[in-house]
Amino acid sequence: MNRFVRGLIMAATVLAATLAAVSCATLGTGTRVSDPQGRFSFEAGTELSPRLQQSGFYQYRLENPGIDVYVTAAPAAAEEKGVEDVLDRIGVDRARLVFDGGTSFGDWRAMRWRLAGGDLVVALAYQARGGTVYSLAVVGTPEAMPGDPPGPVMRVLASMRFTAAAGRLDRPSTREELERAVLQAAEARSASISVAVVREGHIVYRFAAGTGRRDSTGAQAATPATAYHWGSMTKLVTATAIMRLVEQGRVSLDAPVDRYLPGFPAAPGITVRNLLTHSSGLAEREADHLVSFNGSTLPSLGQVLTSYLEESPTLAFKPGSDAAYNNWNFLVLGVLVERVSGKPYEEFVRDEVLRPLGMTHSAFRFSELPADTPLATPVIAATREPELISILNTGRPGKDADTAIGGREQGLSFLVDFDILAPWGGLEGTAEDVARFLAMSMGTPLPGAPRVLAPGTLASMRKVQRSTSGRVLPWGLGWMLGREQGEEVIEHGGGGAGIECLMRIYPRRQLGVVVMGNVENYGAARITAAAADIFSAGSN
């Protein structure tokens, strides 16, 4: 997942969780700005210097690191037109934009571009309401915007408040509208999207649209049997495996990791709980190259961990004092599963989670998927090829990532089959299998399936966790905790080149939704929210 996008999700979640209950007037030391038409308001911190303020257009300068920030409201009949108008309004040459990744979170969608030539980066978070596209745009040099968005920018986004005058969110409200929107989003990207909904222990909806598989036999339409990369949604399966060991009395959440992994650095006192809540302080390091193509073999989890510890000896922060999303936490957890259980990580997960739940169309290797389970072919913009190949070839003497592209068509590139390092992103499977996992996670497994985890354990996994200073963290044990329209939700996404997935549980409704796609930036969060409203009890 693009580091900027990952940071955007993380920062927005942190702020939404900590600021949602705070009065607008006390969000910070800045000024609350209200739209003269009464549609929205936001808070601009003292770090932001106002440059231009008028109805529907507000420009600020953040001197450190040196970026321009815009809050805009652009009338538009269609989202795409609204985005184009915003880019024109802030003076960006759209003809020079090269797409650099996108995602969705809550009611927002986010995109990032680089200008051809590499001298400018543009990031945009937006949502459509009542015929108007509301957005937060940031423009700066690559040096000023290398990754995570600055805190003052994210505080603006988290402080956005909309009134009834802004209109309802533009999203489907019936099954027919949902399916039409999913089909349009898939076809517009020459890709596929699958949706599944589970309610009170039963799968109540399955739908797939677009082109899923592309291989030597041609293009195949997606069906509910199409498999996708789970991406980071796999982390919840790893967390479930750890909690199985906790229930068996073989692992203690608050024990230091070195109790189970001799040789793991003991001095920082990192605990199993720290790993599950991304509060370990382990240093971030690029991990996108840890994939294998065409069935080639990845290093063992132990080898990858040894290499990581040798190259990243310093912590980013004191364990438990903060939280920062980090793949490497779940690599450590995967190795821990192997050492404690005495089984390879993949085997333990198959035996303890996948098979008991009837997740027969999910695997950690595309070659292990049942023959009747086609794996959707990831789709990316052709302009992203050079950067992707460069990342993937990191540490590969043979440069086998040069063969990662299986085909090209109309400005798009289609990737060959690949596997991802297992504990943090390696599962591949169908939306229906994810729905089975969600049903178990809600404590209402499908008929005939075991609980896997006890109700008390499931409740502990979505309990709010705190830092050593008592500050609320945005994580349960593996789950990301948040709210949507004031309602509690627990979720986890997955992203990467040609991957965008989201699974979400609405505890109050006893409802779970998963949306999976083989392309990025199609609005997974919006589809998830719409499906939840449409298929809530009594709604259909």
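Rounded to the nearest 500, what is the chain's calculated 222 nm mean residue ellipticity when only DSSP H runs of at least 4 contribute -39500 (n - 2.57) each, over all residues? Could the numbers behind the result be given before it?
Numbers: 14 runs with 142 residues, N = 540.
For the chain, the value works out to -8000 deg cm²/dmol.
From the residues Ser280, Met516, Val138, which one has its Cα farthest along the dipole of the chain in the positive direction, the dipole being from +1 and -1 charges on Cβ of Lys/Arg and Asp/Glu about the Cα centre?
My answer, from the dipole projection, is Ser280.
How far is it, in nm, from the label point at Asp372 to the one at Glu387 when both lie 7 Å from their Cα along the line to the Cβ?
4.1 nm
What does a probe at Ala454 reach in the range 239-279, counting residues whose amide N is under 15 Å from the point 7 Å along Cα→Cβ?
Backbone N within reach: 243-253.
Working from the alpha-carbon coordinates of the chain, get Rg over Rh, Rh being the Kirkwood radius.
Values: Rg = 22.3 Å, Rh = 23.7 Å.
Reported Rg/Rh (Cα atoms, Kirkwood Rh): 0.94.
Which FRET efficiency, nearest 0.05, do Phe317 and Glu63 yield, Cβ-Cβ r, R0 25 Å? The partial results should precede the final answer.
Numbers: r = 26 Å, r/R0 = 1.02.
Efficiency, rounded to the nearest 0.05: 0.45.
What is the chain's relative contact order, in percent, from Cα pairs under 8 angstrom and six or more apart in sequence? Numbers along the way, then the final one.
Numbers: 1150 pairs, mean separation 98.6, N = 540.
For the chain, the relative contact order is 18 percent.
Taking Lys318 as the anchor, which aspartates and glutamates have their alpha carbon closer than 15 Å to its alpha carbon, excluding any fewer than eight residues away along the same chain?
Straight-line reach from Lys318, under 15 Å: Glu284.
Search the structure for amide H atoms under 5 Å from the amide H of Thr132, placed 1.01 Å from N in the peptide plane, and list their residues when 5 or more places away or on another chain.
Answer set, sorted by chain and number: Ala76.
Cut-off under 19 Å on the C-alpha distance; same-chain residues fewer than 8 positions from Lys343 excluded. Which aspartates and glutamates are left, in chain and number order?
Glu247, Asp258, Asp351, Glu352, Glu368
Bear in mind these aren't lab numbers, they're just calculated from the coordinates by the rules spelled out. Just so you know, these numbers come straight off a predicted model, no measurement behind them. A quick note on method: Cβ atoms are made from the backbone with ideal geometry, for glycine too, and the neighbour counts reach across all protein chains shown.
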